[in-house]
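Scroll down for the structure; my scribbles are underneath it.
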Amino acid sequence: MKDPHSMNALNANNSVEEQAAYWFARLRADNASKGDQRRFKAWLEESPRHAEAYALQEEVWTAMQDSAVDDDILAMRQTALAMPAAANNNGWLKYGAIAATLLVLVVSMVMLKPFEYWNGSDSANPVEQLAQADPQSSPIYKTAIGQRSTVNLPDGSVVELNTDSLIQINFSEERRDLILLRGEALFDVAKDASRPFVVEADGKLITAIGTSFSVRRADDEIRVTLIEGIVTVDNEGSDDANPDAVSKKQLRPGEQLIALGDQPFKVNLINTDTVTSWKDGRLIFDNEPLGMIVQEVNRYSTRKLIVGDPTLSDMRVSGIFQVGSVDSFAAALEASFPVANSAQSDEGDIILSWKE
């Protein structure tokens, strides 16, 4: 192995996969230093390909260590293996009960870098131009695709940002206002009855005093999930004096509100552990269509999965997934389902199709 402090030589003479293997081993060495951490961070930020290669290293390591002993995984395996196999014209049920449930895909989340102030470099995006308004009094925090980050607010509250998210903080002596401009965030709110904690997302106001909840913004849909405490969700500009206004809803723990454009709010019971599992680098699905799962997995990678055959989107999949590499996800599908993933688009995206 070359001198660990001579990364130029390493980069010039080794493949990305070899570089990732080097860093995976180096950071776990007894003599790993802070300098190693800085050089690794610089290498990781050079290219999304570096992050994906490193994620594959973590995937193999985690799979070997965890999948054989995890109680949830063992229970899912036993359930899957107990399911009867039926005849099928395609013949793919030779995969047996494993094909009915994709047990676990281990693809470790790579933390690319801590949260940072938005620098406004992408002037083509009007949302990000808006976010640049006053960075001194209204700090902006963002995460890249595949990145998670934690923001500790001055009042003691904590915000966890999911992949590809952007949030603006507007605190004053009277109020604690935040704007979710993009993505998803989990809020753990410090109690302060004198200063309401209000999150605005696409014209919807989520108000809490001391509680835990998540907000996800996707196009014109807003999802608010309450973990504990009480929050109210209202349309911006509505009549605050009328607590019975049709636009206002109060949530209780375990409820999720869906706001789609100008349509009336919908409230459903939800498994909050499933909704917030991303904060631990996991995605949990229970008998969900593959098309929906692919959309969710794609949020965490610059390379994308493409469902090449529309009928494949309806195939039901259950499992616990650790987000990160679409390559490993596609490989797991091919191993356990009648899915082929050998084709790639010109952009390097992976195309899924039925296995012949």
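Annotations for the structure displayed:
- Whichever residue in the range 199-222 is surrounded by fewer than 19 Cβ atoms within 10 Å (Cβ to Cβ) and of a type in the set (A, V, I, L, M, F, W, C) and, among such residues, is farthest from Gln256 (Cα to Cα): Ile209
- Residues (free of Cβ contacts under 8 Å to residues at least 24 places away in the same chain, among the small types (Gly, Ala, Ser) and open to solvent by 10 Å² or more (accessible area, probe 1.4 Å)) located in the range 149-172: Ser172
- Candidates in the range 239-255 are the residues that are over 26 Å from the mean Cα position of the chain (by Cα) and surrounded by 14 or more Cβ atoms within 10 Å (Cβ to Cβ); of these, the one that is modelled with the lowest pLDDT is Ser247.
- For Thr225, the requirement of being closer than 27 Å to Ser325 by Cβ, open to solvent by less than 40 Å² (accessible area, probe 1.4 Å) and assigned to a loop (DSSP other than H, G, I, E, B) is not met.
- Scanning the range 291-302 for residues that are crowded, with 19+ Cβ neighbours inside 10 Å and either touching a helix residue (DSSP H, G or I) at 6+ places or on another chain (Cβ under 6 Å) or of a type in the set (Asp, Glu) (or both) turns up Val297, Ser301.
- Test: residue in the range 173-189 that is over 16 Å from Thr276 (Cβ atoms), in contact (Cβ under 8 Å) with a residue 60 or more places away in the chain and open to solvent by less than 40 Å² (accessible area, probe 1.4 Å): no
- Top-ranked residue in the range 307-324 [being touching a Gly at 6+ places or on another chain (Cβ under 9 Å) and either more than 13 Å from Leu290 (Cα to Cα) or of a type in the set (Lys, Arg) (or both); ranked as modelled with the highest pLDDT]: Val323
The values are calculated or read from the model by the stated rules, or taken from the named source; none is laboratory data. Worth saying up front: this structure is predicted, and the values here are computed from it rather than measured. Glycine gets a Cβ as well: all are built from the backbone with ideal geometry, and neighbour counts include every protein chain shown. With ligands, DNA and RNA removed, areas are computed over all heavy atoms of the protein, side chains included. Shrake-Rupley method; radii C 1.70, N 1.55, O 1.52, S 1.80 Å.
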